[in-house]
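The structure under discussion appears below in the form of structure tokens.
The values are calculated or read from the model by the stated rules, or taken from the named source; none is laboratory data. These numbers were taken from a predicted model, which means no experiment stands behind them. Here the Cβ positions follow ideal geometry from the backbone for every residue, glycine too, while neighbour counts run over all protein chains shown. Ligands, DNA and RNA are excluded from the accessible area calculation, which covers all protein heavy atoms including side chains. Shrake-Rupley method; radii C 1.70, N 1.55, O 1.52, S 1.80 Å.
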Amino acid sequence: MVYKQLEERHVSRPSINLTTLAKMKASGEKIATITAYDASFAKLVDDAGIEMVLVGDSLGMVIQGHDTTVPVTLNDIIYHCKAVAKGMYRPFLMADMPFMSYTSREQALDNAVRLMQEGGAKIVKLEAGAKQIGIVEFLAGHDIPVCAHLGLRPQSVHKVGGFRIQGREQSAADQMIADARALEAAGADMVLLEQIPSALGKAITQAVHVPVIGIGAGPDVDGQILVLYDVLDITPGHKPRFVRNFMTGVDSPLQALKKYVAAVKDGSYPAPEHCY
Ligand code: KIV
């Protein structure tokens, strides 16, 4: 077990880590990312060639049936993370820190440790702005890999009054670029951008050195993420503009996931109709 990483140098599908993702950013190869919540889908997304999997608090909406991600608990994420970790081998596993699980440095560290030790996560994601810089710095100071989620931050839905595109005004865009830089300087290993204008997605991707993953953030980021149930057209009702149904024209979830990976890699997703 100690030598697993050394052995993996010789296998055809070594597991993805932060170094792999940094190399992909440097070479311009797009990073295909998706959410998953259970072992069966985790195996499918691994087989499809996905590089990174998020156990997102979106599970509150697509699994638990809530209207928002606010009710999701740390134990919920750990439960699903354990299942996902069992089902896959190659993708890098990210876990969401749910609502109010990172209000202080010590609380954030305790909870991030649980996500890694109990859930099997390799990186934790938190919805971050200027106020979370100290928390990111504290986690990074304890060698916890961190992804900072900027733009639309669904855990703040009740404060901001809905799921709305962010960063449209110049002052908000400038603030987001400054926040991304500050979070990177504090030790964030990755940035995730949700629902912002494409031009801002591009500007932030150029402003930081760490990989930037987008959802509704345009084509000029280092990788794309979508909610699995949107890719497979399972989610009923209204879909955000950036969602594309990859089940169209294929006859299995695996084929749809392979189509998603190919579209991210060749840049055909997101198309202009998926962008702001
Ligand atoms: O919870 C989630 O699935 C997410 C993605 C939408 C990025 O945070």
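With the convex hull drawn around the C-alpha atoms of the chain, the volume per residue stands at 125 Å³.
Backbone amide hydrogens, once placed in the peptide plane, bring Ile16 within less than 5 Å of Phe92, excluding anything fewer than 5 places away on its chain. Please work out how much accessible surface Asp222 shows to a 1.4 Å probe, ignoring ligands, DNA and RNA, in Å² rounded to 10. Approximately 20 Å² of Asp222 is accessible to the 1.4 Å probe. Rounded to the nearest whole Hz, the Karplus-based 3J(HN,Hα) values (6.51 cos²θ - 1.76 cosθ + 1.60, θ = phi - 60°) of the stretch 190-196 follow the sequence 7, 10, 10, 10, 10, 6, 9, with x at glycine and proline. Volume of the convex hull of the stretch 124-252 (Cα atoms only), normalised per residue: 121 Å³. Each Cα pair of the stretch 43-93 feeds into the Kirkwood radius, which the Stokes-Einstein equation turns, at 25 °C and 0.890 mPa s, into a diffusion coefficient of 212 µm²/s.
With a ≥ b ≥ c taken as the square roots of the eigenvalues of the C-alpha gyration tensor of the stretch 48-126, please select rounded if a/c is under 1.5 and otherwise prolate if a/b is larger than b/c or oblate if it is not? Oblate is the answer for the stretch 48-126, as a/c is 1.5 or above yet b/c matches or exceeds a/b.
Would you calculate a helix-derived [θ] at 222 nm for the chain, using -39,500 (n - 2.57) for each DSSP H run of n ≥ 4 and dividing by the full residue count, to the nearest 500?
Only helices count here, giving -12000 deg cm²/dmol.
Just to be sure I understand the curve: with the Debye formula and one point per C-alpha of the stretch 235-276, what is log10 I(q)/I(0) at q = 0.22, 0.30, 0.31, 0.34 Å⁻¹? With no solvent term, the Cα-only Debye profile gives -0.79, -1.09, -1.11, -1.13. The HN-Hα couplings worked out from phi for the stretch 120-126 by the Karplus form 6.51 cos²θ - 1.76 cosθ + 1.60 (θ = phi - 60°) are x, 5, 10, 8, 10, 10, 9 Hz, whole numbers, x standing for Gly and Pro. Near Thr73, no amide H atom lies under 5 Å from its own; only residues 5 or more places off or on other chains count, and H is placed 1.01 Å from N. Rolling a 1.4 Å probe across the protein heavy atoms gives the stretch 112-216 an accessible surface of 41 Å² per residue.
Of the peptides 165-177, 66-78, how do they stack up when ordered by the mean number of other Cβ atoms within 10 Å, highest first? The partial results should precede the final answer.
Working: 165-177: 15.7, 66-78: 17.7.
Sorting 165-177, 66-78 by mean packing, highest first, produces 66-78, 165-177.
Convex hull volume of the Cα atoms of the stretch 1-159, normalised per residue: 129 Å³. Estimated from the Cβ-Cβ distance and a Förster radius of 41 angstrom, the FRET efficiency linking Leu18 and Asp251 is about 0.70.
What relative contact order, as a whole-number percentage, does the chain give when Cα pairs under 8 Å and 6 or more residues apart are counted? List each step's numbers first, then the result.
Working: 553 pairs, mean separation 48.8, N = 276.
Here the relative contact order equals 18 percent.
Taken along the Cα-to-beta-carbon direction at a fixed 7 Å, the label points for Arg181 and Arg168 span 2.6 nm.
Solvent-accessible area assigned to carbon and sulfur over the stretch 183-259 amounts to 53 percent, based on a 1.4 Å probe.
Treating each Cα of the stretch 190-252 as one equal point scatterer and applying the Debye formula with no solvent, the log10 of I(q)/I(0) at q = 0.21, 0.29 Å⁻¹ comes out as -0.80, -1.14. Based on Cα contacts under 8 Å between residues 6+ apart, the stretch 93-193 shows a relative contact order of 29 percent.
How high is the relative contact order of the stretch 188-244, in percent, with contacts defined as C-alpha pairs under 8 Å that are six or more residues apart? Mind showing how you got there, number by number?
Numbers: 83 pairs, mean separation 17.0, N = 57.
So the answer I get is 30 percent.
Mind checking which lysines have their Cα closer than 25 Å to the Cα of Lys259? Skip sequence neighbours fewer than 8 apart in that chain. The reachable lysines, counting only those whose Cα sits under 25 Å from Lys259, are Lys23, Lys25, Lys30, Lys43, Lys86, Lys202, Lys239. A simple rule links phi to the HN-Hα coupling: the Karplus curve 6.51 cos²θ - 1.76 cosθ + 1.60 with θ = phi - 60°, which for the stretch 241-256 gives 3, 6, 7, 10, 7, 8, 7, 4, x, 10, 10, 8, x, 4, 4, 5 Hz, with x for Gly and Pro.
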